[in-house]
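The values are calculated or read from the model by the stated rules, or taken from the named source; none is laboratory data. A quick note: this is a predicted structure, and the numbers were derived from the prediction, not measured. Neighbour counts are summed over all protein chains in view; Cβ atoms, including those assigned to glycine, are modelled from backbone coordinates with ideal geometry. Calculation scope for accessible area: heavy atoms of the full protein, side chains included, ligands and nucleic acids excluded. Shrake-Rupley method; radii C 1.70, N 1.55, O 1.52, S 1.80 Å.
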Amino acid sequence: MYRRPAVALLGLIYLVSGVWGQGAGRAPESKSDAAPKSEERRKTSATVEVQGVGVVRLPAEGVRIVITSHLRMPRIKEALEEDARLAAKLEQAWRQLGLGNMQIRTIDQQFQAVRTPDPNQPALDLHDLPVVGYSVCRSYIVEISDVPAEQLPEAAAKVQKVALEHGAVLGTLVLNHPLGNVMPGPGAGDSPAPSPITYFRRNPEEAYQQALKQAKDNAWKKVQALYGDAVPLRMTIQEVNLTSPDAPISSAVPQFALRAPLPAGQFSRFASAAPEVEIVAVVRLICEY
């Protein structure tokens, strides 16, 4: 009479234990399957960063020459008058050369009292020494355009020759000593010293866009060399500002051809030390896979 319930109870116990055992057996198996997938995702994800450089070379359209005159006179009025006369003589002599389209402008003018040591008071401060005269320095930029690129170096040499004949020198000078001494130095204020002779192009933006396209293509070729035709999940292209002091500069980029910062209103953004101007663009390409 009690056998049938006992047998049914025993069968129920076996059924429950079997289901529990199957569930327990599957749990570790599902964890072991998930681990390789996570590890695989970590291996296939990567970020690559490369730099691309593009260069377009064009003949220069003009040349700029920096010239500085220096004179010393006993009185300040005489110094100012003689400086003005010398400036007029230089401009007239330069224009008589007949070199294409010429523009002449003053970029810096300095005046300073000249003092002399007093042997009777050797310990006297320099700024307390007696004034014996006045010095004047004037810096010019002579810009020549509408001349074939191959003739620009000769034109610059003629401008420099005229300057030397009138006592002026190539480059910039500064009055930096109470005794009236001069030395090569920067331009007005804290602006950097401009190169004595620079070649330029007036409107290089179109050429710069070509250089920028080259830079992007060269950067993408570097990525393809690493990952083939795989399509990145995300791509970022950054134009590198070469005027920044901490910008990464490739050794393949000529220093004179960079988009260097120059005194505002005095120079083109693109200048070169040779009659062939190199327009340079640099990009940073970041790809995530």
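Values as computed for the structure displayed
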| item | result |
| --- | --- |
| Gain on full stretching of the segment that runs from ARG95 to GLN109 - 0.36 nm per residue minus C-alpha separation | 2.9 nm |
| Extension gain from SER45 to ASN120, taking 0.36 nm per residue of separation minus the Cα-Cα distance | 18.8 nm |
| Heavy atoms of ARG202: accessible area, 1.4 Å probe, square angstrom to 10 | 110 Å² |
| Computed FRET value (nearest 0.05) for ASP229 with GLU276, which takes r as the C-beta separation and R₀ as 35 Å | 0.40 |
